[in-house]
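Student: Let me give you the structure first, and then I'll get to my questions.
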Ligand code: HEM
């Protein structure tokens, strides 16, 4: 090893002063440039983060509280920064991911590189065993066991039930000749249908009581989690307690009775004697029953409301849909109710439904949190950042959908690029109730359009304030006129 004495070191520095200075300077410049480059690649996604905790939360809340809806916040930023932008909301950095490549990167790495963020109020409201909250290992098992009653085959049992309910209620309203709000009608229909399919509950007063509690739980999901009487959180937690007591009693009474039901709960209880990993425990059943109702009611009802609105604005589409439905009706005995085979014949009806979901975007974006530093396309994402798959932007991208503002069901004559049509998400968290939603929508559209014409009594396009699901403030009030039977 070379050991230099102080005198030798002094001479070395003195004689090579210029070289040492050059080395030191180049070191400094390199380190400065490395930091600068690192910083600029982190800053590659444009946007404004604002103050650490507040960020742009007030602008977001102000958009949510306006009749333009919370997506206006996203729209305005995109105008300013371009397709990709970042912001800070409630202390967290959010990146809005606008592309099919980005959506694919997140969906295909769900649970590995990304997961849903933990929201305390949501976990407290829907329960820790809900699919929306459980960790990956339990999610796989619970989802596998919950899935079979939601397959299209299993749904066939419920088509006639849904059909009977919808046709009776529409007939009553048409007979009374009264104007009614489509959104309210569909919220009730969706709730009643789900309670029937999940637990065979049809008693009107019980349904009303349960719905009141479910609404309170739903309002608590994104509320501030403090147990102070009068707050949305407090009311939601109390309502959850009522619902859990009710479900617990129902499960106990089902187990002690010999009567069998044709419903989702029965299919879960039929597994009582199975090994542990082939059945759900009672809390898993109860939390997920509640999850289905909360995840399924307002989404499906909003989609049906938009279908009525879009069909009213596009009479040619309405007429074409009616033609298909009447041809199905003519081939059935008079008064006959619908079955799954009839729904399979509704090829144009299916496209109307798809186009409604493309344009209405009842879930505007799908939020995830990055579990590690990573890259999406060429953008660097830091661990802990929120990445929001912007389904709305993808569904309105003119490069994916020609004339995206045009309601044109025939665009689905052709198949679309993977991940360009994602109203039900994709990957391990794809909507579990997708088939149920499709059945409810197709039956509703069939009964409405093949039986009636309608007049929309309020054309106001303002959105409901403070709603995370885009819905018209008016809820679309309509009056029905029955079609003559000779159609
Ligand atoms: C038109 C109606 C509906 C739409 C547009 C819709 C949309 C979605 C979307 C986009 C997701 C995935 C969200 C994400 O990736 O973060 C989802 C998940 C889910 N949906 Fe739906 N949904 C609808 C109706 C329903 C119905 C009727 C039910 C139940 C009966 C339901 C139950 C669920 C559940 C349980 C999940 C969570 C799945 C999981 O995390 O594994 N949905 N839905």
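Just so you know, all these numbers are worked out from the coordinates, no wet-lab data involved. Keep in mind the model is a prediction, meaning the values are calculated, not measured. Virtual Cβ from ideal backbone geometry, glycine too; neighbours counted across all protein chains shown.
Student: Would you mind calculating the gained length between residue 262 and residue 345 on full extension (0.36 nm times residue separation, minus the Cα-Cα distance), in nm to one decimal?
Tutor: Going from the current span to full extension adds 27.3 nm.
Student: Given the DSSP H assignment, sum -39500 (n - 2.57) over each helix run of at least 4 residues in the chain and divide by its residue total; what's the result at 222 nm in deg cm²/dmol, nearest 500? Before the final figure, lay out the partial values.
Tutor: Working: 18 runs with 263 residues, N = 487.
So the calculated ellipticity at 222 nm is -17500 deg cm²/dmol.
Student: To continue, here is another question. Label residue 465 and residue 231 with points 7 Å out from Cα along Cα→Cβ: what is the distance between them in nm?
Tutor: 2.2 nm
Student: Going by alpha carbons, how many degrees (0 to 90, nearest 10) lie between the helix axis of 17-42 and the longest principal axis of the chain?
Tutor: For 17-42 against the chain, the angle is about 10 degrees.
Student: Let me ask something else about it. Calculate how steeply helix 315-330 sits against the longest principal axis of the alpha-carbon atoms of the chain, using the helix alpha-carbon long axis, and give the answer as 0 to 90 degrees to the nearest 10.
Tutor: Result, in degrees: 50.
Student: Could you tell me how many degrees, from 0 to 90 and to the nearest 10, lie between the Cα long axis of helix 232-256 and the main elongation axis, the longest principal axis, of the Cα atoms of the chain?
Tutor: 60 degrees
Student: Given a Förster distance of 35 Å, report the FRET efficiency between residue 171 and residue 255 from their Cβ-Cβ distance, rounded to the nearest 0.05. List each step's numbers first, then the result.
Tutor: Values: r = 39 Å, r/R0 = 1.10.
Efficiency computed from Cβ-Cβ geometry: 0.35.
Student: Here is a follow-up. On a C-alpha basis, how far is the centre of the stretch 245-313 from the centre of the stretch 91-167 in Å? Whole number, if you could?
Tutor: Each part's Cα centre sits 14 Å from the other's.
Student: Sticking with this structure for a sec: Calculate the all-directions average of the projected area of the chain's alpha-carbon convex hull, and give it in nm².
Tutor: Its Cα hull, projected and averaged over all orientations, spans 33.3 nm².
Student: Could the peptides 302-310, 365-373 be put in order, highest first, of the mean number of other beta-carbon atoms found within 10 Å of their residues? Intermediate values should be presented prior to the final figure.
Tutor: Values: 302-310: 24.0, 365-373: 17.3.
Averaged packing, sorted descending, gives the order 302-310, 365-373.
Student: Between residue 62 and residue 378, what is the label-to-label distance in nm when each label sits 7 Å out along the Cα-to-Cβ direction?
Tutor: Placing both labels 7 Å along Cα→Cβ, they lie 3.4 nm apart.
Student: To two decimal places, what compactness ratio does the stretch 127-178 give when its Cα radius of gyration is scaled by 2.2 N^0.38 Å?
Tutor: Dividing the Cα radius of gyration by 2.2 N^0.38 Å gives 1.85.
Student: Normalised by the empirical 2.2 N^0.38 Å for globular proteins, what value does the Cα Rg of the stretch 222-373 take?
Tutor: 1.47
Student: In nm, to one decimal, how far is the modelled label at residue 152 from the one at residue 278, with both set 7 Å along Cα→Cβ?
Tutor: In this crude spin-label approximation the distance works out to 2.8 nm.
Student: While we're looking at this one, here's another question. Order 291-300, 458-467 from most to least packed using the mean count of other Cβ atoms within 10 Å.
Tutor: Numbers: 291-300: 22.4, 458-467: 13.4.
Taking the mean over residues of other Cβ atoms within 10 Å, the ranking is 291-300, 458-467.
Student: Please work out the FRET efficiency for the pair residue 326 and residue 92, using the Cβ-Cβ distance as r and a Förster radius of 30 Å; give the result to the nearest 0.05.
Tutor: The pair residue 326/residue 92 has a calculated efficiency of 0.05.
Student: Another question, if that's okay. Of the beta bridges DSSP finds with both residues in the chain, what % are antiparallel, to the nearest 5?
Tutor: Given both bridge residues lie in the chain, the antiparallel proportion sits at roughly 75 percent.
Student: Sticking with this structure for a sec: Determine, from the Cβ-Cβ distance of residue 270 and residue 101 and an R0 of 56 Å, the FRET efficiency 1/(1 + (r/R0)^6), rounded to the nearest 0.05.
Tutor: Numbers: r = 43 Å, r/R0 = 0.77.
E between residue 270 and residue 101, to the nearest 0.05, is 0.80.
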